[in-house]
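S.K.: Can you keep this structure in mind? I'll have questions shortly.
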């Protein structure tokens, strides 16, 4: 091959590489794949072309193929930053988090201030349940870029999942103050406020979310929960029925809708909600709600049978059975169930235990 031809091929490889990477940025992935394939025919071991093809295949969700291209680069250049990052990202897609972390750490040993890879490490350690390591990487990013949205969100989610609600709220609020107001953050923050019974703050978050997305089911559900807490059952029903206009809702939401109907005396609507769940599958709260409904309808034998089944299935250890005991205690019928319903052995035992626990020593 003449010198002129070699120079011409080098020029063409460079131009194809530039074009391929530009097509990736424009998300024209099929065209980019064709361009990189053409370039690799001219220079099969070119690291820019190999990592470019790896990036295209990873974006196309062909992670195993992408990994082969990254590994070809690393076989010749173990410290290639593009291949280390790309291979780590493709392994993350396959949930091979430990392997991805090892590669990202190698990357950071050569480029220690890359906040994007630090955030990946935070996310990776969070996925593995290694909260301290995840937190350290997110904080490193925020030291370099205090307003980094992804690390703030990662850190807030980490605190949320590990029960550090005060810290989670602080970070979510920080995101909102920086002008970042995505609906998912607003609803998560609203849920945290609601759990703390800070209902006015929760309401504000849900309201802002619904301004952006009027049919958002999480915001509608949360706002309905605020109404339920305030015993404003008609308002809660209206919001939860809006959810059902778009989808079938969760078991939890539908059973609470049934409870709201029962609380305003609309027994047929309540029964419809509970049975819509129980005809598909057993659900402890729908089962409990139906039992309460039967009791309030004066159908005591049916109520007893439902309560007995609930206690037998749940073994007296769940929130649903706690709610049952509260329901019976409020109606001053704990002793009646303990002493008079001899066939209900499970319920009788649970009532006896609760009465003994409540008795003065």
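FYI, it's all coordinate maths here, none of it is from the lab. Just so it is clear, the structure is predicted and the values come from calculations on it, not from any experiment. Neighbour counts are summed over all protein chains in view; Cβ atoms, including those assigned to glycine, are modelled from backbone coordinates with ideal geometry.
S.K.: Quick check on the exposure proxy: order 287, 234 from fewest to most C-beta atoms within 10 angstrom.
M.R.: 234, 287
S.K.: Once you keep just the Cα pairs under 8 angstrom separated by 6 or more residues, what percentage relative contact order results for the chain? Could you put the intermediate results ahead of the total?
M.R.: Values: 413 pairs, mean separation 18.7, N = 361.
Contact order relative to length: 5 percent.
S.K.: If R₀ is 56 angstrom, what is the calculated FRET efficiency for the pair residue 195 and residue 31, using the beta carbon separation as r and rounding to 0.05? Before the final figure, lay out each step's value.
M.R.: Details: r = 49 Å, r/R0 = 0.88.
With R0 = 56 Å, the Cβ-Cβ based efficiency is 0.70.
S.K.: On to the next question. As an exercise, take the mean of 1/r over every pair of distinct alpha carbons in the chain, invert it, and state the Kirkwood radius in angstroms. Walk me through the numbers before you get to the answer.
M.R.: On the way: mean 1/r = 0.0396 Å⁻¹.
It works out to 25.3 Å.
S.K.: Under a plain spin-label model, where a point goes 7 Å from the Cα along Cα-to-Cβ, how far apart in nm are residue 79 and residue 326?
M.R.: 6.3
S.K.: Here is a follow-up. Sort the range 8-93 into rounded, prolate or oblate with this rule: let a ≥ b ≥ c be the square roots of the eigenvalues of the Cα gyration tensor; rounded if a/c is under 1.5, and if a/c is not under 1.5, prolate when a/b is larger than b/c, oblate otherwise.
M.R.: Working: a/c = 2.03, a/b = 1.24, b/c = 1.65.
The shape class here is oblate.
S.K.: Given the Cα-Cα distance of residue 147 and residue 231 and 0.36 nm per residue of separation, how much length would full extension add, in nm?
M.R.: Details: separation 84, 0.36 × 84 = 30.24 nm, distance 4.00 nm.
Between residue 147 and residue 231, full extension yields 26.2 nm more.
S.K.: What nm distance separates the two modelled labels at residue 278 and residue 305, each placed 7 Å from Cα along Cα→Cβ?
M.R.: So the two model labels end up 1.0 nm from each other.
S.K.: Okay, next question. Of the listed peptides 249-260, 153-164, what is their order by residue-averaged count of other C-beta atoms within 10 Å, with the highest listed first? Walk me through the intermediate numbers first.
M.R.: On the way: 249-260: 21.8, 153-164: 19.5.
The densest-packed peptide leads the list: 249-260, 153-164.
S.K.: Sticking with the crude label model, points 7 Å out along Cα→Cβ, report the distance from residue 109 to residue 297 in nm, one decimal please.
M.R.: Result for the modelled spin labels: 7.0 nm.
S.K.: Taking a point 7 angstrom from the Cα of residue 12 along the C-beta vector, which residues in the range 35-67 have backbone N less than 16 Å away?
M.R.: 35-46
S.K.: So if R0 is 35 Å, what FRET efficiency would residue 61 and residue 178 give, r being the distance between their Cβ atoms, rounded to the nearest 0.05?
M.R.: Calculated value: 0.60.
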